Amino acid sequence: MSGFRLAQGGAIDRDRRLHFRFNGELLMGFSGDTLASALLANGVSTIARSFKYHRRRGIYAAGAEEPNAIVTIGQGDRASPNLKATQVPLYDGLVATSVNCWPSVEFDLGALASLVGRFLPAGFYYKTFMRPDWHLFEPWIRRAAGLGQAPRVDDADRYDHAHAHCDVLVVGAGPSGLAAALAASRSGARVILADDQPGFGGRLLSDGGAIDDAPAQAWLDTAQAELGAAGHVTLLKRTNVFGYYDHNLLGAYEEIALPGSPSGDSRPAGRLWHIRAGRVVLATGAFERPLVFGANDLPGVMLASAVRSYVARYAVAPGQRAIVATNNDDAYRTALALLDAGVEIACIVDARSGVESALVRAVRARGVKISSGSHLGRALGSRYVTGAEIQRLGGGTRRIDADVIAVSGGWNPAVHLFCQSGGRLAFDAQRAAFVPSVSVQAERSAGASAGRFALGAALEQGSMAGFWAAKRETSSVAVAHATDIAETPLTPLWEIKGGGKAWVDLQSDVTADDVRLAVRENYVSVEHLKRYTTLGMASDQGKTSNVNGLAILAAATGREIASVGTTRFRPPYDPIPIGAVAGRKRGALYHPRLTLPMRDWHEANGAVFEDYGSWSRPAAYPRGRETLDDAIQREARHVRLAVGIFDGSPLGKIEVEGPDAAIFVDRLYVGAMSTLPVGRVRYGLMLTEHGIVTDDGVCARLAPERFLVGTSSAAASRMAAVMEEWLQGEWPNLRVFATPVTHQWDVITLTGPRARDLIAALGTDIDLGKAAFPHMAWRAGRIAGVSARVLRVSFTGELSYEINVAVRAAAELWARIVAAGQAFDLMPFGVESLMTLRIEKGYVHVGSETDGTSVPDDIGMGGAIARKASDFIGRRSLLRAEATRADRNQLVGLIPEDRTARLQAGAHLLGEGARDGSEGFVTSACWSPTLDHAVALGLLRRGRTRKGERVIVFDDGREIPARVVEPCFIDSKGARLDV
Amino acid sequence: MLLITCPHCGARDENEFSCGGQAHIARPGPPEAVGDAEWARYLFERDNPKGMHFERWVHRHGCGQWFNVARDTVTHEIKAIYGALEPKPDLP
């Protein structure tokens, strides 16, 4: 094979030379080239090595269906592996390297795999490399697998997302797509027209032809100008419409920057479009079918339409002496294009006999030898094509010299998006192709993708589809016309035998024999064939192999092709970068965080932030060279001795108000809430309908018909949603509103023995006396002049005031508290310190002491239920046998016998003596600053009957003896709160 | 991604909504009158049709209203959208 640049022609800009490197070698091309056309023009024949056998691979096609020319573009954090050279626009400074070869594509050690090829058929790994232990072979099989190398650094490219709505989306800007877009645009519809090429025109760019009695290029130019000028039309080039989803939502990836480009290009790499279309026209074209014959994978074997693409668009001849092998008329266009470019045609090998159509006669008139009724049995050559062996129908073979073999087995409509939309295919026997048959969504196919390959037919169908899409019944609008010549139908030719190993899927290295092997192994479903042989599973997704493969399967199993069917089509139609799907949701934007109103103050005071659910909150406030653990111990100790300040704003708050509010809260909570007096606060548990503890919190009665329901910080929005669901769906007759107010109130918690004194020093009109303001009550008034609602509730076990203020007043009050707090040694403390304090007190944290199986009695809160007569969410489920089992896991406290040992949440609990497996686990643990040893809470089988028992805490191999105790380590009588 | 017409807000993308599963499931009660089998049916048994499914959706990132949808589980065509408290419509 010796490709070369033609002296004239092509849509390249010969005034703009570009330099690029391929495997280190400096080469030259022109603006307008793809990497593939430039490589061909430079006479490069081996581009890569095949996946399994490491055979030489050359450029095969000219577009997305390219199976062979896989390259890595760029280097370092801009490297893009596994791109197809046919889709890479050439630019100055482009760096491309071959994949799957070492040390080089010319001298590849992997080629030794060919020597043991007979041991590596499809599915070989199910039978070989098993004994003595397949793990021995796995590392080097993994290293050998795959094509390119994934970059080892983060993708430095940026990707954007865009959302668009339109009346009409036209996919494909070939003749039928442009006709559809023009019809829709002229009908006044908002149109989006997308094509994966850098320029519109599709096959017009390579096949030319005449439209409206003028050269096709002229029509193309006018059409683009008209669409470009229309304000209601959006044109997307280099855009791969990769997925067709529900309700006419399509995904498209628009390439913007150049692939693998150095950091000088500041544009985003691409844009992922979410397009919701009223109606869709699929004008996605068709892929030429290869012929399957011996050694058909040699560099120099190419699709016939690709050969004329390279000649017409890029002025590149793939060789000097060509054989054209075909079963149809269309390949004769390639012969004519080659002849016009001055390339010699060694002969045409036509499987049909007695063909007298216009194209065939035109080629014969140029003096080209046509071998009718013949098959191309085998490509000859070792590193590239040097000739071919032709089989004659009557018998015998003949050798012909050539350096390029252009093959055509017919055309397969590109039905991927149609099938993704849910549409069903039918097998058109005359065209020997699957065509769209029954649509499910509001879409229509037009042109080659509907099986209308001829230009005139494609234009007409495109126009009609465009009017339909724009919801115009008739058209007085002018449409484009072309006259089609008559062509003789093809003769289906799925495989030519007798020439040795014949490839079906070039990228996956699957041969026709592999298909028959799958059949022998009884993998006769087309889906099994795919997975057993990996046919169609490479980055070209079988665009040139699926139909040939299933046709060979049909022949091998004695079935009709139609009944074999195709495998399921799934997005993406052509690969897209994973970074494009992520878009900007990376790094800091990956996980949206809620920030506290007082965040600046926390930060200024040394807070270390952690994520707690959706909130970013201070874990602790380390000072100087303290470790986080030191800070936690210091803060917790200080709260018990003096007073601490804590930001409790994320606590959920939902106002439940209305004449039936009391009835509603009774249905919500396990315990009675309607009996709560105004001014008091009560702790409550909430269950799912399955009886499982879902959240807990305090409830304050603000007025006879008004409750403030508290939830845990993590469950705030979830519980509000639960309330709405019940009110709207099950109890619509209850006269009550549930209004989330979590983000309206900032909560400043002052807790510790000196808390009351501090509030008094700030000045308040609230009577803070023990009788006037007891524990589990709330009062409203002013503190330091700021209007507040104060709840006396405690999660620390110390005297505690949760001061609720409007968020806009928080900063002011916080500042006044901190200023006055200096005299009381006020210290800020974070969530981790709070957790230490609550564990010491044995206060449960839903999600730690409870899991998806926990019922109230497990955590010692089953008593309230018997005292309540009315129904509540989950009540019935508590009567199930499972919920009343005597040997359920129950909340206990644990203290290690070795007072220096540390306990870990998640550690298992084992009984002493006979070990029946895990009997529970540690749910929360901390180092108690008050007791100066570790304490833990846990769930232990029959735990409440085992107080005083010795158990083993099993922590990652270590066994720590511990004593089962009451789940409360400090002030079990609550004296510190009774002040 | 489905395009769902919220009765209050109009046509919106599916990701603004949350699906609440099968619709028209009555909650049995009072608790003392419900047997284990009936309660289990209420908690766990759901239809799994290849075809028309009547289900509940809420416009979570919008107006917050619940409503019912009749959706074909094969084609995802939405045949009807009606109020949360309305009865199951007769559909061909």
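The values are calculated or read from the model by the stated rules, or taken from the named source; none is laboratory data. Note that the coordinates shown come from a computational prediction; the quantities given were computed from them, not determined experimentally. Backbone-built Cβ (ideal geometry, glycine too); neighbour counts: all protein chains shown. Only protein heavy atoms, including side chains, enter the accessible area calculation; ligands, DNA and RNA are left aside. Shrake-Rupley method; radii C 1.70, N 1.55, O 1.52, S 1.80 Å.
Here is the figure for segment A:606-617: residues that are touching a strand residue (DSSP E or B) at 6+ places or on another chain (Cβ under 6 Å) and either in a strand (DSSP E or B) or open to solvent by 70 Å² or more (accessible area, probe 1.4 Å) (or both) total 5.
Considering segment A:882-912, the residues that are in contact with a Gly (Cβ under 7 Å, 6 or more places away or on another chain) and closer than 27 Å to B:TYR42 by Cα include one that is farthest from the other protein chains (Cβ to nearest Cβ), namely A:ASN889. Could you go through segment A:808-826 and let me know if any residue there is on the phi < 0 side of the Ramachandran plot and not in a helix (DSSP H, G or I). Scanning segment A:808-826, I find at least one residue that is on the phi < 0 side of the Ramachandran plot and not in a helix (DSSP H, G or I), so the answer is yes. Among the residues making up segment A:436-491, those that are on the phi > 0 side of the Ramachandran plot and open to solvent by less than 20 Å² (accessible area, probe 1.4 Å) are A:GLY447, A:GLY451. Here segment B:74-85 is the region considered, the condition is being of a type in the set (A, V, I, L, M) and farther than 17 Å from A:LEU727 by Cα, and the residue that is farthest from the other protein chains (Cβ to nearest Cβ) is B:ALA80. Within segment A:935-949, the set of residues being open to solvent by 70 Å² or more (accessible area, probe 1.4 Å) and part of a strand (DSSP E or B) comprises just one member, A:ARG941.
Of the numbered criteria (1) over 28 Å from A:ALA864 (Cβ atoms); (2) open to solvent by 20 Å² or more (accessible area, probe 1.4 Å), the one A:ALA642 fails is (2). Restricting A:PRO677, A:PRO732 to residues that are on the phi < 0 side of the Ramachandran plot and in contact with a Leu (Cβ under 8 Å, 6 or more places away or on another chain) narrows the list to A:PRO732.
Scanning segment B:29-38 for residues that are open to solvent by 50 Å² or more (accessible area, probe 1.4 Å) and either in contact with a Cys (Cβ under 8 Å, 6 or more places away or on another chain) or not in a loop (DSSP other than H, G, I, E, B) (or both), we see that the one that is nearest to the other protein chains (Cβ to nearest Cβ) is B:ASP36.
So for segment A:714-730 (the condition being outside any helix (DSSP H, G or I) and either away from chain B (no Cβ under 13 Å) or touching a residue at least 40 places away in the same chain (Cβ under 8 Å) (or both)), does at least one residue qualify? No: zero hits. For segment A:394-412, the set of residues classified as part of a strand (DSSP E or B) and open to solvent by 10 Å² or more (accessible area, probe 1.4 Å) consists of A:THR397, A:ARG398, A:ARG399, A:ILE400, A:ASP401, A:TRP411, A:ASN412, listed by residue number. Being aliphatic (A, V, I, L, M) and more than 48 Å from the chain's Cα centre (by Cα) holds for only one residue in A:LEU879, A:LEU931, and it is A:LEU931.
Selection within segment A:809-839: residues that are touching a strand residue (DSSP E or B) at 6+ places or on another chain (Cβ under 9 Å) and farther than 16 Å from A:TYR621 by Cβ. The member of this set that is surrounded by the most Cβ atoms within 10 Å (Cβ to Cβ) is A:ILE839.
Any idea how many residues of segment A:37-52 are within 20 Å of A:ASP108 (Cβ to Cβ) and open to solvent by less than 10 Å² (accessible area, probe 1.4 Å)? Residues in segment A:37-52 being within 20 Å of A:ASP108 (Cβ to Cβ) and open to solvent by less than 10 Å² (accessible area, probe 1.4 Å): 5 in total. Scanning segment B:2-28 for residues being facing another protein chain (nearest Cβ under 10 Å) and surrounded by 14 or more Cβ atoms within 10 Å (Cβ to Cβ) gives a total of 11. Give the number of residues within segment B:74-87 that are surrounded by fewer than 16 Cβ atoms within 10 Å (Cβ to Cβ) and either under 23 Å from A:LEU734 (Cα atoms) or at pLDDT 95 or above (or both). Number of matching residues: 6. Only one of the listed residues (A:ALA11, A:ALA69, A:ALA7, A:ALA79) is buried (at least 21 other Cβ atoms within 10 Å of the Cβ) and farther than 22 Å from A:VAL504 by Cβ. That residue is A:ALA79.
List pairs: first in segment A:772-790 and under 21 Å from A:CYS699 (Cβ atoms) and in a loop (DSSP other than H, G, I, E, B), second of a type in the set (Lys, Arg) and open to solvent by 10 Å² or more (accessible area, probe 1.4 Å), Cβ under 7 Å, 6+ apart or cross-chain? Close Cβ pairs satisfying both conditions: A:PHE773/A:ARG779; A:MET776/A:ARG680; A:MET776/A:ARG682. Restricting segment A:237-251 to residues that are crowded, with 22+ Cβ neighbours inside 10 Å and more than 14 Å from chain B (Cβ to nearest Cβ), the residue that is farthest from A:ALA194 (Cα to Cα) is A:PHE242. Once segment A:524-533 is narrowed to residues that are more than 23 Å from A:ALA145 (Cα to Cα) and at pLDDT 95 or above, the residue that is least open to solvent (accessible area, probe 1.4 Å) is A:VAL526.
Answer yes or no: is there a residue in segment A:502-515 that is open to solvent by 50 Å² or more (accessible area, probe 1.4 Å) and closer than 30 Å to A:CYS166 by Cα. Scanning segment A:502-515, I find no residue that is open to solvent by 50 Å² or more (accessible area, probe 1.4 Å) and closer than 30 Å to A:CYS166 by Cα, so the answer is no.
Restricting B:ARG60, B:ARG46, B:ARG71, B:ARG41 to residues that are open to solvent by 70 Å² or more (accessible area, probe 1.4 Å), at pLDDT 95 or above and within 11 Å of another protein chain (Cβ to nearest Cβ) narrows the list to B:ARG60. Taking the criterion of being more than 33 Å from the chain's Cα centre (by Cα) and among the aliphatic types (A, V, I, L, M), the residues of segment A:605-632 that qualify are A:ALA607, A:ALA620, A:LEU628, A:ALA631, A:ILE632. Among the conditions (1) open to solvent by 50 Å² or more (accessible area, probe 1.4 Å); (2) out of contact with any Phe, Trp or Tyr (no Cβ under 9 Å at 6 or more places or on another chain), A:VAL519 misses just one, which is (1).
The residue that is nearest to the other protein chains (Cβ to nearest Cβ), counting only those in segment A:840-881 that are among the charged types (D, E, K, R) and assigned to a helix (DSSP H, G or I), is A:ARG876.
The residues of segment A:840-888 that are surrounded by fewer than 21 Cβ atoms within 10 Å (Cβ to Cβ), among the aliphatic types (A, V, I, L, M) and within 21 Å of A:GLY613 (Cβ to Cβ) amount to a single one, A:VAL846.
Only one entry in A:THR234, A:THR222 is at negative phi, more than 14 Å from chain B (Cβ to nearest Cβ) and assigned to a helix (DSSP H, G or I), namely A:THR222. Suppose we filter segment A:680-707 for residues that are part of a strand (DSSP E or B) and either open to solvent by less than 20 Å² (accessible area, probe 1.4 Å) or in contact with a Phe, Trp or Tyr (Cβ under 9 Å, 6 or more places away or on another chain) (or both); how many remain? Of the residues in segment A:680-707, 17 are part of a strand (DSSP E or B) and either open to solvent by less than 20 Å² (accessible area, probe 1.4 Å) or in contact with a Phe, Trp or Tyr (Cβ under 9 Å, 6 or more places away or on another chain) (or both). Among all residues of segment A:560-574, there is at least one that is under 18 Å from A:GLN87 (Cβ atoms), open to solvent by 50 Å² or more (accessible area, probe 1.4 Å) and in contact (Cβ under 8 Å) with a residue 12 or more places away in the chain.
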